[in-house]
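Report on the following structure.
Read-outs: derived from the displayed coordinates by stated rules, not from any lab. Note that the coordinates shown come from a computational prediction; the quantities given were computed from them, not determined experimentally. Backbone-built Cβ (ideal geometry, glycine too); neighbour counts: all protein chains shown.
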Amino acid sequence: MSPLRLGTRGSPLALAQANMVAGALRAAHGWDEAAIEIVAIRTTGDRIQDRALAEVGGKALWTKELDRALFDGDIDFAVHSMKDVETIRPDGIVIAATLPRADVRDRIIGAESVAALAEGARVGTSSPRRAAQLRRLRPDLGIVLFRGNVETRLRKLTGGEAEATLLAAAGLDRLGRADIGFAIPIETMLPAPAQGTVGIETLRASGETLRLLGAIDHAATHRCVLAERALLAALGADCRSPVAALAVEQGGAIHLRAELLSEAGEEHVAGETRFAAGDDAAPGALARDLLARAVPALRALFTG
């Protein structure tokens, strides 16, 4: 058969994740190396590194070039870090599979914990969620914009642009950097929706590709990620909205926790629900409950 063309961003982490997916497909189907061609595509998000995503187009900066390549037939499927994929996707594109979820926690580099940071320490991050959580925990901290891939952020830290930074544990592990940083408990900082998950998208109409990708789908991870994304959709959240969520499947039920924060962290509302897998209405109900209990200024960040 002709090689399947796997589209990905060209960053070291994106390529590592692409190779994970390619390896899983080869193992599942007994394919050789030639069965999958990895096609690296430079995205707008990779080119613009000096501004926050919200200022220049949001999460679509990571996906629109890959989406176009799918629709144009230049690739057969695309691999993403699911936390970086916007909630509302183009008609015709579907999440075909997810790999088993990795460590969902954030890691702090530069201190052993958030509490251990020096008074007034600067923390580099481009995430509104991390910034708001840090400000809620430590109002004295200064937040410095850090954009770029993992190595770029670590260089900025080493260069003295901040005293600490936060990175996803899963990304560090996939890059062979499990030795750096200290994991922050999820009770301290709930992660971003879909954090730790590698997702694979393809066209809804590409039946054979969907079938092949289905062989590597981790169903429990997929259900949990869909629940977290359903919560985001019901909230009307975008890349400017500080929101955290984590769904865990236990014994056929899904436990979904979520929190909304104001940008400065002074306002906060949290909630949780447990529901049967396949109950598509439950995440939306939790979203409505959170919004109903949020003060107006906080609610305004989450109404689309």
*Which length gain, in nm to one decimal place, applies between I186 and A264 when the Cα-Cα distance is subtracted from 0.36 nm times their residue separation?*
26.1 nm
*Would you mind calculating the relative contact order of the chain from Cα pairs under 8 angstrom and at least 6 residues apart, reporting the percent as a whole number?*
20 percent
_On Cα atoms only, tilt of 282-293 relative to the major axis of the chain in degrees_ = 20 degrees
*What residue among E86, E208, E161 has the largest mean-square fluctuation in a Gaussian network model of the chain, using Cα springs under 10 Å?*
E208
*Anyone know which of A258, A35, A247 comes out most mobile in the 10 Å Cα GNM of the chain?*
A35
*Can you tell me the 0 to 90 degree angle between the C-alpha axis of helix 12-29 and the longest principal axis of the chain, rounded to 10?*
40 degrees
_Against the 2.2 N^0.38 Å scaling, with N counting residues, where does segment 154-246 land? I'd like the Cα-based Rg ratio to two decimal places._
1.37
*Fewest Cβ neighbours within 10 Å first, please rank I108, I184 accordingly.*
I184, I108
*Counting only DSSP beta bridges with both residues in the chain, what percent are antiparallel, rounded to the nearest 5?*
75 percent
*the chain: longest stretch without exposed trypsin sites (Lys or Arg not before Pro) (DSSP loop, at most 16 other Cβ within 10 Å), sites themselves excluded?*
52-203
